[in-house]
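Please read the structure below before turning to the comments.
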Amino acid sequence: MNSKYNQWIPKVMRNLTFFVLFAGILCSTSAQVPAPQQAKPILLKGATIHTQTGHTIENGMLLMENGKITEVGNNVQIPDNAIVKELDGRHIYPALIHGRNLMGLTEIGQVQVTSDFSELGNVNPNVRAETAYHSASTHIGVAAAGGIGVTVTTPTGGLISGLSAAMLTDGWTWDQMTLKAPVGLVVNWPNMLNNRNLSEQLNELQKAFDKARRYHHARNASANQPVDIRWEAMRPVFDGELPVFIQANEISQIQAAVSWAEKENIRMVLTGARDAGYIAEQLAEKNIPVMVGGVIGGPARQWEFYGEAYALPAKLHRAGVNFFIAGDMGAASAYRLPHHAAAAVAFGLPKDEAMKTITLYAAQILGLDDKMGSLEPGKDASIIITNGNPIEFSTQVEMMFLQGRQIDLNSKHRQLYDLYQIKLEQVR
């Protein structure tokens with residue numbers, strides 16, 4: 001009997017251990033715990049520092065103070081009260097930037113009340129994405145764990161969807177997480193192949209811009225002009241302070257949008273841009289920046305090369321187009337951003353250029369380069385620490401700092417991984 005009892009005890013203890021771990025995982029939150037403000041200087045040393053500005057620093061040092069990068073190099077003076085982290089050959093990159101996403105505006109696709117990315121009506125320039133941002137979304141932690149420090153949350157729907165906002169992937173509330181708002185005005189170019197509705201939609205779009213422009217002139221002429229929140233939101237567009245992100249994929253759409261933007265004398269950024277490779281030289285000549293809306297995908301037409309989407313970034317690069325890669329629009333898939341850059345490398349885009357399309361070039365086109373995109377003194381201390389190149393599928397993001405704050409990289413994906421590790425242990 002004693003022998004049976006002794007065999008029974010380890011089994012009970014093992015099951016009890018599994019139960020405790022299982023309960024702990026279920027009770028823990030899958031959302032990140034937002035980090036406090038940086039309190040002391042932090043020095044990272046012994047890492048390969050990829051500045052994204054043309055040089056790489058081997059066995060380098062990076063100093064962060066008050067949320068900013070203050071020094072980068074091989075011989076950085078260490079403040080007396082600094083926290084020193086030995087990185088032992090790890091790699092430091094700028095935090096990744098996702099240029100167009102529904103992050104914070106949707107949670108569960110099949111549950112309508114969790115989605116707030118599209119308003120009724122065709123003309124809604126006054127919609128501000130940041131005010132609808134759900135700071136506790138489980139998708140945010142997943143994106144952060146993938147190295148994404150900023151997502152440009154973008155409204156959709158209608159002809160003029162509203163104003164996009166650059167949001168940090170850590171914080172308690174939407175206002176704490178707003179890095180820059182607005183980033184740009186979102187316009188969806190009408191389908192050129194639908195002749196029945198094309199003329200009507202183009203007229204509606206033109207009328208909206210004509211009204212907004214007249215309102216802008218009236219406001220400049222008299223401070224007593226009554227405020228209209230719709231047209232007020234568009235005033236920075238006419239002053240050249242705010243770009244217009246025009247979603248267009250088919251060749252005729254892109255060409256029509258470019259001609260219209262020239263006529264209106266507005267700063268255009270082409271988004272989506274599926275067929276941009278066919279007119280890359282024209283886009284380069286006119287200096288139209290391009291946001292490639294995803295690389296991983298099949299061809300749009302039966303006669304196209306199977307890797308047409310994968311090869312688009314390389315085509316734009318060879319033509320001298322100013323572009324970056326935005327990745328998936330869906331919030332749940334934002335973490336795949338470096339995978340899109342990696343796919344472009346397989347089809348001819350240089351590896352160093354691919355990293356810049358999700359860091360430096362994204363920051364420049366989005367107007368975030370005063371804060372993000374490269375590792376330079378004066379910029380925000382928003383970085384990732386990895387065990388390799390982020391566009392390699394095997395690379396792990398081991399640490400992230402946003403404005404000097406070390407971010408909790410907990411996520412729903414990691415939680416589920418831990419959960420099913422327990423299951424594997426139980427069935428062995």
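Listed values, structure above:
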{"item": "Residues of the range 380-408 satisfying the condition of being crowded, with 21+ Cβ neighbours inside 10 Å and assigned to a loop (DSSP other than H, G, I, E, B)", "result": "Ala381, Ser382, Pro390, Ile391, Gln403, Gly404, Ile407"}
{"item": "Some residue of the range 322-331 being part of a loop (DSSP other than H, G, I, E, B), touching a Phe, Trp or Tyr at 6+ places or on another chain (Cβ under 6 Å), without any contact (Cβ under 8 Å) to a residue 60 or more places away in the chain and surrounded by fewer than 22 Cβ atoms within 10 Å (Cβ to Cβ)", "result": "no"}
{"item": "Where Pro226 falls short, out of the listed (1) more than 23 Å from the chain's Cα centre (by Cα); (2) assigned to a helix (DSSP H, G or I)", "result": "(2)"}
{"item": "Of residues in the range 71-95 being buried (at least 17 other Cβ atoms within 10 Å of the Cβ) and not charged (D, E, K, R), the one nearest to the chain's Cα centre (by Cα)", "result": "Ala95"}
{"item": "Test: residue in the range 240-249 that is assigned to a helix (DSSP H, G or I), of a type in the set (A, V, I, L, M) and in contact with a Gly (Cβ under 7 Å, 6 or more places away or on another chain)", "result": "no"}
{"item": "Members of the range 116-136 found to be touching a helix residue (DSSP H, G or I) at 6+ places or on another chain (Cβ under 7 Å) and hydroxyl-bearing (Ser, Thr, Tyr), listed by number", "result": "Thr131, Tyr133, Ser135"}
{"item": "Matching residues in the range 235-259 - criterion: being under 24 Å from Pro182 (Cα atoms), of a type outside the set (A, V, I, L, M) and without any contact (Cβ under 8 Å) to a residue 60 or more places away in the chain", "result": "Arg235, Pro236, Phe238, Asp239, Gly240, Glu241, Asn249"}
{"item": "Near pairs, Cβ below 6 angstrom, 6+ apart or cross-chain, from the range 262-278 (under 23 Å from Gly294 (Cβ atoms)) to any residue that is among the basic types (Lys, Arg) and part of a helix (DSSP H, G or I)", "result": "Gly277/Lys315"}
{"item": "Top-ranked residue in the range 162-177 [being part of a strand (DSSP E or B) and more than 13 Å from the chain's Cα centre (by Cα); ranked as surrounded by the most Cβ atoms within 10 Å (Cβ to Cβ)]", "result": "Leu163"}
{"item": "Top-ranked residue in the range 332-354 [being touching a Pro at 6+ places or on another chain (Cβ under 7 Å) and not in a loop (DSSP other than H, G, I, E, B); ranked as nearest to Pro155 (Cα to Cα)]", "result": "Pro338"}
{"item": "Residue in the range 61-69 that is outside any strand (DSSP E or B) and either at pLDDT 50 or above or loosely packed, with under 12 Cβ neighbours inside 10 Å (or both) present", "result": "yes"}
{"item": "Some residue of the range 194-201 being at pLDDT below 95 and assigned to a loop (DSSP other than H, G, I, E, B)", "result": "yes"}
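Per-residue answers, yes or no, for (1) touching a Cys at 6+ places or on another chain (Cβ under 9 Å); (2) in a helix (DSSP H, G or I); (3) assigned by TED's automatic domain parsing to the domain that holds Leu163; (4) more than 30 Å from Ala346 (Cβ to Cβ):
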{"site": "Phe209", "(1), (2), (3), (4)": "no, yes, yes, yes"}
{"site": "Arg213", "(1), (2), (3), (4)": "no, yes, yes, yes"}
{"site": "Ile254", "(1), (2), (3), (4)": "no, yes, yes, no"}
{"site": "Gly294", "(1), (2), (3), (4)": "no, no, yes, no"}
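Per-residue answers, yes or no, for (1) at pLDDT below 95; (2) of a type in the set (D, E, K, R); (3) closer than 24 Å to Gly367 by Cβ:
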{"position": "Ala257", "(1), (2), (3)": "no, no, yes"}
{"position": "Glu262", "(1), (2), (3)": "no, yes, yes"}
{"position": "Asn265", "(1), (2), (3)": "no, no, yes"}
{"position": "Ala276", "(1), (2), (3)": "no, no, yes"}
{"position": "Arg301", "(1), (2), (3)": "yes, yes, no"}
{"position": "Arg318", "(1), (2), (3)": "no, yes, no"}
{"position": "Val321", "(1), (2), (3)": "no, no, yes"}
{"position": "Asp328", "(1), (2), (3)": "yes, yes, yes"}
{"position": "Phe347", "(1), (2), (3)": "no, no, no"}
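The values are calculated or read from the model by the stated rules, or taken from the named source; none is laboratory data. Remember, it's a predicted structure, so these values are computed and weren't measured experimentally. Heads up, the Cβs are rebuilt from the backbone with ideal geometry, glycines too, and the neighbour counts pull from every protein chain shown.
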